[in-house]
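Report on the structure given below.
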Amino acid sequence: MRSPKDFFKPLAVGAPAPRHEIPFRPSRMIHFFPPSNEKMRSKVPDIVPQVDVLLANLEDGVPATDKEAARAGLVEVAQNTDFGETQFWTRVNSLDSPWCLDDLTAAVLEAGEALDVIMIPKVEGPEDIHYVDRLLAQLEAKAGLSEPLMIHAILETARGVANVEEICLASPRMQGLSLGPADLAANRRMKTTRVGGGHPDYLVRQDPIDGDIESDRTIYQQDLWHYTIARMVDACGTAGILPFYGPFGDIADVVACEDQFRNAYLLGCVGAWSLHPKQIDIAKRVFSPSPESVAHARRVVEAMGDGTGAIMLDGKMEDDASCKQCQVVLSLAKELAD
Ligand code: GLV
Ligand code: MG
């Protein structure tokens, strides 16, 4: 792990960052709020203790006419909130927008002491991260910050997905990646019925029974996001950074939200976005290992002794590799409990 001072020396453009480990901080939900909205700002002290990450959103969802008010709201919240153990992030406007430079400048110079991570939307390649890395280094030096700000990129264009490995390795500031399903669907010409969801017509039908295409065949809706999440998880794992599911926009459908979050957890994601207080507890539940999985992991690890060899437990083979899976569950449970 590099020392914070090293973050002030940006890497040469194109030089891959070494694999690094992000120090653990609970990040099961990144809770979005619009800082331009005074009512939402007034709720911040109540929300902070309920969430792992609070994010002031300056980008999509904030009308163009409110961009300056959102930036001012970010600064006000940063300067007047006791965040305790909760992380404070902001999502700035995209690098090709007229607002990004002012967002980054205000975020670092006026809110930098309170902020942990800056989320950059629509990242398309490592050059976007290099640009932000250098700009942050300048602004941090000007602000005299003692801790470097980390970068979280949203994967929401086809080009971003094509370059995902290079994006993850582009800077030691990289903290993680989120799936941005709404923009990504638009960019790829995908069709979905709700943000972060699928489409009932994306299905697989059982083969004809006895060759009869009229037979009553089972239909399964398929997950449109499986490929992208799996690819993102591998790229993040290679770089030692953290993968997140993004938003689920159908707030009332708490069942489907939980399903999407759980699939992401099972594939290796550490958290998801919450867009409404209803989604906070869903993320907390899904991204914390269940008591049953912790109890099972403990039994396997105890039965495996030094963690090598193979044993039979409840009729199932366990070995070095399955013991490692159990250790991942136990260390997550311990870190969340600490
Ligand atoms: C999030 O920003 C998305 O586009 O889904
Ligand atoms: Mg987006």
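The values are calculated or read from the model by the stated rules, or taken from the named source; none is laboratory data. All values derive from a computational prediction rather than experimental measurement. Quick reminder, even Gly has a Cβ in these numbers, built from the backbone with ideal geometry, and neighbours come from all protein chains shown.
Can you tell me which residue within region 116-126, out of those that are in a loop (DSSP other than H, G, I, E, B) and over 15 Å from Pro181 (Cα atoms), is nearest to ligand 1 (Cβ to nearest atom)?
Gly125
Can you tell which of Leu101, Leu139, Leu55 is in a strand (DSSP E or B) and of a type in the set (A, V, I, L, M)? Lay out the reasoning, then the answer.
Working: Leu101 fails: in a strand (DSSP E or B); Leu139 fails: in a strand (DSSP E or B).
Only one candidate qualifies: Leu55.
What are the residues in region 154-195 that are of a type in the set (Ser, Thr, Tyr) and either within 14 Å of ligand 2 (Cβ to nearest atom) or under 19 Å from Val233 (Cα atoms) (or both), if any?
Step one: list which residues in region 154-195 are of a type in the set (Ser, Thr, Tyr), which gives 157, 171, 178, 192-193.
Scanning region 154-195 gives Thr157, Ser171, Ser178, Thr192.
Restricting to region 83-124, name every residue that is on the phi > 0 side of the Ramachandran plot and touching a residue at least 40 places away in the same chain (Cβ under 8 Å). Talk me through it step by step, then tell me what you get.
First, the residues of region 83-124 that are on the phi > 0 side of the Ramachandran plot: 84, 122.
Once the filter is applied, which keeps residues that are on the phi > 0 side of the Ramachandran plot and touching a residue at least 40 places away in the same chain (Cβ under 8 Å), region 83-124 yields only Lys122.
Count, please, the residues in region 122-153 that happen to be within 17 Å of Ser97 (Cα to Cα) and either surrounded by fewer than 24 Cβ atoms within 10 Å (Cβ to Cβ) or away from ligand 2 (no atom under 14 Å from the Cβ) (or both). First the steps, then the outcome.
Restricting attention to region 122-153, the residues satisfying the condition of being within 17 Å of Ser97 (Cα to Cα) are 122-125, 127-129, 131-132, 135, 153.
With either surrounded by fewer than 24 Cβ atoms within 10 Å (Cβ to Cβ) or away from ligand 2 (no atom under 14 Å from the Cβ) (or both) added as a condition, the list becomes 122, 124-125, 127-129, 131-132, 135.
Going through region 122-153 one residue at a time, the tally reaches 9.
Filter region 163-209 down to the residues that are part of a strand (DSSP E or B), more than 16 Å from ligand 1 (Cβ to nearest atom) and either in contact (Cβ under 8 Å) with a residue 24 or more places away in the chain or among the aromatic types (Phe, Trp, Tyr) (or both) and list them by number. Walk me through how you get there before you give the answer.
Let us first name the residues in region 163-209 that are part of a strand (DSSP E or B), namely 174-179, 203-205, 209.
Subset that is more than 16 Å from ligand 1 (Cβ to nearest atom): 174-175, 203-205, 209.
Matches in region 163-209: Met174, Gln175.
Hey, can you tell me all the residues within region 300-322 that are hydroxyl-bearing (Ser, Thr, Tyr) and exposed (fewer than 14 other Cβ atoms within 10 Å of the Cβ)?
Pass one, region 300-322, residues hydroxyl-bearing (Ser, Thr, Tyr): 308, 322.
Thr308 - this is the single residue of region 300-322 that is hydroxyl-bearing (Ser, Thr, Tyr) and exposed (fewer than 14 other Cβ atoms within 10 Å of the Cβ).
Would you mind finding the one in Asp82, Asp60 that is more than 16 Å from ligand 1 (Cβ to nearest atom) and part of a loop (DSSP other than H, G, I, E, B)?
Asp82
Only one residue in Glu147, Glu113 is among the charged types (D, E, K, R), within 26 Å of Ser274 (Cβ to Cβ), modelled with pLDDT under 95 and assigned to a loop (DSSP other than H, G, I, E, B). Which one? Spell out how you get there, then give the answer.
Working: Glu113 fails: modelled with pLDDT under 95.
Unique residue meeting the criteria: Glu147.
For region 183-231, name all the residues that are among the small types (Gly, Ala, Ser) and within 30 Å of Glu166 (Cβ to Cβ).
Hits for region 183-231 are Ala185, Ala186, Gly196, Gly197, Gly198, Ala230.
Would you point out which residue out of Arg188, Arg194, Arg173, Arg217 is of a type in the set (Lys, Arg), in contact with a Gly (Cβ under 8 Å, 6 or more places away or on another chain) and modelled with pLDDT of 95 or more? Don't jump to the end; show me each part of the working.
On the way: Arg188 fails: in contact with a Gly (Cβ under 8 Å, 6 or more places away or on another chain); Arg173 fails: in contact with a Gly (Cβ under 8 Å, 6 or more places away or on another chain); Arg217 fails: in contact with a Gly (Cβ under 8 Å, 6 or more places away or on another chain).
Just a single option satisfies the conditions, and that option is Arg194.
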